[in-house]
């Protein structure tokens, strides 16, 4: 069984990298709001993961391990490059009607703008927990911060988002009931 695991592990590892690339990009983009920088950070993450794949002992922990590398690459990138240009418009093809697409784009733009106003630490925690579904412990490990810090940043970030979005986003069929829509 030892030789079989030696042969199968690299294939499973590469499949895991391929499976997580879009998730890594989505989080990197939400952190820096710049497509070129997000590409660079994800590419650095993939390269480091490939070079250090022997450090990963359990393939079940691949997701959290990759997002830890992403967080480190993100920090390293902004240590090297202090000034960046923001690219706010990202067009995604959809199969909706123009009306629903316009409405969705308005909501998405409002949510992105609200998330962009959060401090970096809160923005990172909110995107990892609420958009990617990581647990508090996994986020703490990814960002190398205590779990209590994750919880307090998440609470403050959610409260700030609620204050920013609640007056603006309402359910069209029931104008008196205010509700934040979950946008992924």
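The values are calculated or read from the model by the stated rules, or taken from the named source; none is laboratory data. No experiment lies behind these values; they were computed from the predicted model shown. All Cβ positions, glycine included, derive from the backbone under ideal geometry; neighbour counts span all protein chains shown.
The table below lists the values:
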item: Odd one out for residue 106, checked against (1) exposed (fewer than 13 other Cβ atoms within 10 Å of the Cβ); (2) at pLDDT below 80; result: (2)
item: Meets criteria (under 24 Å from residue 13 (Cβ atoms), in contact (Cβ under 8 Å) with a residue 12 or more places away in the chain and more than 16 Å from the chain's Cα centre (by Cα)) for residue 59; result: yes
item: Which numbered condition residue 56 fails, given (1) at pLDDT below 80; (2) farther than 23 Å from residue 139 by Cβ; (3) surrounded by 15 or more Cβ atoms within 10 Å (Cβ to Cβ); result: (2)
item: Selection count, region 13-45, where residues are touching a residue at least 60 places away in the same chain (Cβ under 8 Å) and more than 20 Å from residue 79 (Cβ to Cβ); result: 2
item: Selected residue (only one of 90, 131, 166 is modelled with pLDDT under 90 and touching a strand residue (DSSP E or B) at 6+ places or on another chain (Cβ under 8 Å)); result: 166
item: Some residue of region 146-158 being modelled with pLDDT under 90 and surrounded by 11 or more Cβ atoms within 10 Å (Cβ to Cβ); result: no
